[in-house]
Amino acid sequence: EKYESRALDFLPSIFKSWPDHDYIVLTQPHYVPEHPFLQQGYTRVPPRAGVVFEHELYVLHRGSILDFVSVSLACEGDTEGVKSLVGGLDASANVLEDLSRFLAQHCDPAVEGALPLYFFIAKCLTQIVGIVVIRTEYEIEYIRARYNIEEYIYYNYHRQQEHGHMHFCIVNPVFQRHVKFILKEVLRQSHKTCLYYPLYPSYSDSHSAMSVINAMIPVRPRRQITYPLEQLGGNAPSTRITTGQEPCVLYHFNRKLTLEPKIAVNHRVVVVGASDTSL
């Protein structure tokens, strides 16, 4: 236990001994706590629906032990690399459209007020292994009214322009262990302190960040007040708060979370109920 944090040092020698192998596969019972060694490079593979195998599957690629990952804003020469990364994904057209907007104007003219747009790329050596697309979150009052974000931040310590709305975060699964580093660099270079990601139903293609959800935390929704708007008249709350939007699950990330490890719980949970019970 004294030296378990250095377990990653064995991996280069393992791949050197088997130069024709690219993966290490490891399984462990789902009721066994996740060993810190698994958090240093292994990616958990979610089981298929209906599978009752008693072990969790972890996979590590030889490329994941490389530490030459850098994050920067996209430029004209990155277009082909982004196309190669997102090709075949349902959201690829939306990602490439955002890339074109960023390269042309660094903002989204399709949104009222032309919200600032940031398109970051993550590279390992010369290959693009991830992209992050964020906009400034100007609906923060709506989020604050419907989700209990004060559980994780002191709201008054953050300026409005320091809240970011993440639309896309697509990272090659091989480099999953670098997700926190990528998000930390996105916060630093965009001068944001908080990121929000709304998880919409599967039919929505305006967002895609499934590869980063494990690094974020879900935010509990608030119980809502039904306002009699006609009776309140001019005393009614702002329309930003009362106007309904598409229901979603909200995930949050901030600078403090970049340094806090998450404990993985692989126990099987059975949810009995309908509607929003499972949320």
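Remarks
- Residue in region 18-45 that is modelled with the highest pLDDT, counting only those that are hydroxyl-bearing (Ser, Thr, Tyr) and within 17 Å of GLY63 (Cβ to Cβ): TYR23
- First in region 122-141 and polar (S, T, N, Q), second anywhere and open to solvent by 10 Å² or more (accessible area, probe 1.4 Å) and outside any loop (DSSP other than H, G, I, E, B), Cβ under 8 Å, 6 or more apart: GLN127/GLY81; THR136/LEU115; THR136/PRO116; THR136/GLN161; THR136/HIS165
- For region 47-82, a tally of residues being within 20 Å of VAL269 (Cα to Cα) and open to solvent by 90 Å² or more (accessible area, probe 1.4 Å) returns 5.
- Pairing residues of region 31-53 that are of a type in the set (Ser, Thr, Tyr) with residues that are open to solvent by 100 Å² or more (accessible area, probe 1.4 Å), at Cβ distances under 7 Å and at least 6 apart in sequence or on separate chains, gives TYR31/HIS267.
- Test: residue in region 118-140 that is surrounded by fewer than 19 Cβ atoms within 10 Å (Cβ to Cβ) and in a helix (DSSP H, G or I): no
- Matching residues in region 1-10 - criterion: being more than 30 Å from ARG268 (Cα to Cα) and either at pLDDT 90 or above or open to solvent by less than 100 Å² (accessible area, probe 1.4 Å) (or both): ASP9
- Yes/no for PRO36 being loosely packed, with under 12 Cβ neighbours inside 10 Å, under 22 Å from VAL179 (Cα atoms) and out of contact with any strand residue (DSSP E or B) (no Cβ under 8 Å at 6 or more places or on another chain): no
- Candidates LEU85, LEU89: the one that is under 13 Å from ILE170 (Cα atoms), exposed (fewer than 15 other Cβ atoms within 10 Å of the Cβ) and within 19 Å of the chain's Cα centre (by Cα) is LEU89.
- Residues satisfying the stated conditions in region 246-279, i.e. of a type in the set (D, E, K, R) and at pLDDT 75 or above: ARG255, LYS256, GLU260, LYS262, ARG268
The values are calculated or read from the model by the stated rules, or taken from the named source; none is laboratory data. Quick caveat, the model's predicted, so the values are computed rather than measured. Don't worry about glycine lacking a Cβ; one is built from the backbone with ideal geometry, like all the others, and counts go over all protein chains shown. The protein model used for the area step is the full one, side chains on, heavy atoms only, and it has no ligands, DNA or RNA in it. Shrake-Rupley method; radii C 1.70, N 1.55, O 1.52, S 1.80 Å.
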